[in-house]
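Please read the structure below before turning to the comments.
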Amino acid sequence: MKNFTYYQPTSLSGVLKVLDEAAGKAEILAGGTDLLDRMKEYISQPEKVVSLVGFSGPFKEISSIAGHPPTVTIGAGVKLVNIAESELLRPYPALTSAAAQIAGPQIRNMGTLGGSLCQRNRCWYFRDEHVQCLLKGGRRCFAHDGENQYHAIFTQGHPCVIVHPSTLAPPLMVLGATCDIRSHKAQRQIPIEQLFQAPVKDGQREHTLAPNELLVSVTIAPKIPPGATLRNASYEVKQKETSDWPIVQASVAYYTEAGGQVAKGVRIALGHVAPTPLLSPAAAKVLEGQEVNEKTASAAAEAAVEGARPLSQNAYKVQQLKVAVRRAILLASGAKPYWEG
Amino acid sequence: MELPQVGPHEVGPHAGLTRCIHLQSKAMAVYGEGFTADPDFQNDLTDFTCLKTGRPLGPDNGPANLTQCCNAERDCYEEY
């Protein structure tokens, strides 16, 4: 690991000041489950490491879950285990179940919401210190012609075919979340969809934060009319049920009006299938205004994979994505659960 | 490596751990009620699974672990 200067500011302004002065040469340390690995493997070699430990405790905005459903704000420093077990987030099983399935207990006890959203990708070419891929100043993405079984299936227009690694991004997208972002001199709110980008060269991240910006919190505020019931769920396909990354993930949210079964305000997001988490308007359109059942869920699942362009070794993910979308929709509707056959 | 000291395989929930019958972990499968002697369990590293869903989530989509699955108020709770 390359030597670095460690900062542990005791206030938010202190953190933002260090980030401002570091001009892109600093990394933020929260749970450390991603950053420390990258530093040990020489993938990231920051000159400065700014820990949030010093102020995250007293600074409630970054370390707590607050609000009243349907509007709930989750601090970026909230641990994954606390999201999974939060009573306030109980109306959002799409989010809590996704958090409960991330990795294993060790990661969930250390990893944070901000870390999940801002972590770097898991491509094995990117993670190999000896490989100069596109994201590390090289001239090509080796996954295009190499080992690409876990890579993107929505590849059109992407010179780098990583999949975005966040499991919390798709549920937050369907729940209409917004991000509170701060820098030394400014503060801005953006819809969570705008937090992500597909990196194509060295220096670009999987998120759109400037080097001097910090993600402080994420606010969930699904738009549902009074009296309507919000229905939401996530479904992941994994090789192992614990300590693993999803191969594909689908999150869905919609509402039904009192006494009705018709899905309205449908949002469907796909995870681990493209360089950014993807909203699928095509799938949502198929389900919008329909009663949710096996038939409509399958039709939406077919629509979700429209435009998929899998690589040489990952066409299997197209079928898995269909299954994930269909099961997420049926799970949200409260239909017969998938584990009962 | 030193193996954990566990007692003979017992049947029924461990004293003080009234829990859901569907909660499972590898240590429970191997040691039965001696699972609390498993070093992973003692270090809070156990991956629990719900036998009903086959996932780390219960049928109610809540987490499957020893804390949450001792909560008799969960809809899916079935006492061991």
**Report entry** Selection from B:Phe35, B:Ser25, B:Leu51, by position along the positive dipole direction of segment B:23-70 (Cβ)
**Finding:** B:Leu51
Query - Most positive-pole-ward Cα, A:Ser63, A:Ala283, A:Val200, against dipole of the protein assembly as shown from beta carbon charges - result: A:Val200
Report task. Provide the net charge surrounding A:Tyr255, with neighbours chosen by a C-beta distance below 9 Å and charges set as Lys +1, Arg +1, Asp -1, Glu -1. Result -> +2
Query raised in the report: With labels modelled as points extended 7 Å from the Cα through the Cβ direction, what inter-label distance (nm, one decimal) is found for A:Gln132 paired with A:Glu47?
Result: 2.3 nm
Query raised in the report: So what is the calculated 222 nm ellipticity per residue for the protein assembly as shown, using -39500 (n - 2.57) for each DSSP H run with n of 4 or more, over all residues, to the nearest 500 deg cm²/dmol?
Result: -6000 deg cm²/dmol
Report task. For chain A, set up a Gaussian network in which alpha carbons nearer than 10 Å are linked by springs, and say which option among A:Tyr150, A:Tyr235, A:Tyr42 fluctuates the most. Result -> A:Tyr42
Report task. Post the alpha-carbon centroid distance, segment A:56-132 to segment A:240-256, in whole angstrom. Result -> 14 Å
Query raised in the report: For A:Arg231, which sequence-distant residues (separation of 5 or more, or a different chain) have an amide H within less than 5 Å of its own amide H, given hydrogens modelled in the peptide plane?
Result: A:Tyr254, A:Tyr255, A:Thr256
Query raised in the report: Against the longest alpha carbon principal axis of chain A, how many degrees, from 0 to 90 and to the nearest 10, is the axis of helix A:316-333 turned?
Result: 70 degrees
Query - Approximate spin-label separation A:Ser183-A:Leu36, in nm, with each point projected 7 Å along Cα-to-Cβ - result: 3.1 nm
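Looking only at other chains, what is the average number of their beta-carbon atoms within 10 angstrom of each beta-carbon in B:57-68? Show your work: numbers first, answer last.
Working: counts 10, 2, 3, 3, 12, 7, 9, 2, 6, 0, 2, 3.
Mean inter-chain Cβ contacts per residue within 10 Å come to 5.
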Query raised in the report: How many nm separate the modelled label positions at A:Ser11 and B:Leu17, each set 7 Å beyond the Cα in the direction of the Cβ?
Result: 4.8 nm
Report task. Report the residue, chosen from A:Ile247, A:Ile102, A:Ile190, that carries the largest GNM mean-square fluctuation when chain A is represented by alpha-carbon nodes joined by springs under 10 Å. Result -> A:Ile190
Requested in this report: Rank these for me by crowding, A:His68, A:His272, going from fewest to most other beta carbons within 10 Å.
Outcome: A:His68, A:His272
**Report entry** Nearest-20 debye value, the protein assembly as shown charge dipole, Cβ charges on Lys, Arg, Asp, Glu
**Finding:** 1280 debye
Query - Angle in degrees between helix A:294-304 and the longest Cα principal axis of chain A, rounded to the nearest 10 - result: 40 degrees
Report summary line: Per-residue Cβ contact counts at 10 Å, fewest first, order A:Thr112, A:Thr155 as A:Thr155, A:Thr112
Query raised in the report: With the dipole of chain A worked out from charges on the C-beta (+1 for Lys and Arg, -1 for Asp and Glu) around the Cα centre, which of A:Pro225, A:Met39, A:Ser333 lies farthest toward the positive end?
Result: A:Met39
Report summary line: The size of the Cβ-based charge dipole (Lys, Arg +1; Asp, Glu -1) of segment A:45-200 about the Cα centre, to the nearest 20 debye, is 300 debye
Report task. With springs only between Cα atoms under 10 Å apart, run a GNM on chain A and tell me which of A:Ser298, A:Ser44, A:Ser166 wobbles the most. Result -> A:Ser44
Query raised in the report: Bin by bin, in steps of 10 Å, what percent of the Cα pairs in chain A do you find, going until the bin that has the longest distance?
Result: 6, 26, 34, 24, 9, 1, 0
Query raised in the report: Quick one: A:Glu47, B:Glu33, fewest Cβ neighbours within 10 Å first, how do they rank?
Result: A:Glu47, B:Glu33
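Read the figures in this text as sums done on the coordinates, not as results from a lab. Predicted model, so just to flag it, every value in this text is computed and none were measured. We place every Cβ from the backbone using ideal geometry, glycine too, and count neighbours over all the protein chains shown.
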